1. Using the alpha-carbon centroid of each, what span in Å lies between the stretch 18-94 and the stretch 156-181?
2. Sort 115-124, 63-72 by packing, meaning the average of other beta carbons within 10 Å per residue, with the highest value first.
3. State to the nearest 20 debye the size of the charge dipole of the chain about its Cα centre, where the only charges are +1 on K and R beta carbons and -1 on D and E beta carbons.
4. For the stretch 131-181, state which trypsin sites (Lys or Arg not before Pro) are in a DSSP loop and have at most 15 other beta carbons lying within 10 Å of their beta carbon.
5. By counting other Cβ atoms within 10 Å of each Cβ, how are Met25, Met1, Met59 ranked from fewest to most?
6. Based solely on its DSSP helices, what 222 nm [θ] is calculated for the chain when runs of n ≥ 4 H residues each add -39,500 (n - 2.57) and the sum is averaged over all residues, nearest 500 deg cm²/dmol?
7. For the chain, modelled as a GNM with alpha-carbon contacts under 10 angstrom, which of Glu88, Glu159, Glu105 fluctuates the most?
8. Once Lys and Arg get +1 and Asp and Glu get -1 on their Cβ, which of Pro102, Gly131, Ala15 lies farthest toward the positive end of the dipole of the stretch 3-180?
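Computed from the coordinates by the stated procedures, all read-outs in this text should not be read as laboratory data. Model, not experiment: these values are computed from the prediction. So basically every Cβ, Gly included, is an ideal-geometry build from the backbone, and we count neighbours across all protein chains shown.
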Amino acid sequence: MDKSELRKLARTRRAGLARDVPDLMARIAAFVDDLKIPAHAIVAGYWPIRDEADPRALMAVLAARGHALALPRIETKGAVLSFRRWRESDALVDNHHGIAEPRAEAERVVPDAVLVPLLAFDASGHRLGYGGGYYDRTLAALKDILSVGIAYAGQEIPELPRVAHDRPLDAILTEAGYRVF
């Protein structure tokens with residue numbers, strides 16, 4: 001099956017999981033210690049859209065522990081994401097995809113860890129995204145960072161098709177726990 005067909009199936013599957021796991025935010029936040037993110041590391045999260053696994057409770061726990069937070073911003077189509085410092089009280093703006101992101105004047109930062117949204121993942125840490133390649137390009141450009149997919153456990157599939165530019169995740173965090181690849 002090609003990636004476009006898998007994306008359709010994964011969206012439908014994830015929508016069902018969102019209804020079946022209503023307490024996902026609290027359940028994934030409970031695994032914060034398993035992440036082993038060094039003190040004072042900058043953690044980039046994301047603002048969830050539709051029925052994506054929501055990392056905001058985890059981000060709140062990380063902020064309470066002293067981590068600076070960042071959110072991605074699309075500066076140019078087809079480029080890497082930029083990350084801008086973000087606090088819970090900061091206003092966000094919708095980009096051309098309808099995704100909330102920090103304002104252009106927010107401080108640009110380089111994260112030490114990135115929480116990554118996805119449609120599906122497999123046992124080797126490969127993820128199926130939306131097809132724009134933003135996270136693949138960004139993860140390839142960032143060196144020595146921890147990339148953690150945030151998902152429902154039911155988003156795992158046996159194996160994803162891959163191309164040369166696909167970047168595997170370092171780990172996945174679901175309501176079932178934290179797994180390193």
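1. 18
2. Working: 115-124: 20.8, 63-72: 18.8.
Result, highest mean first: 115-124, 63-72.
3. On the way: 25 positive and 25 negative charges, 58 e Å.
My answer is approximately 280 debye.
4. Numbers: sites: Arg137, Lys143, Arg162, Arg179; in loops: Lys143, Arg162.
Here the trypsin sites (Lys or Arg not before Pro) that fit, given the DSSP loop and packing criteria, are Lys143, Arg162.
5. Met1, Met25, Met59
6. On the way: 4 runs with 41 residues, N = 181.
So the helix-based figure for the chain works out to -6500 deg cm²/dmol.
7. Glu105
8. Gly131
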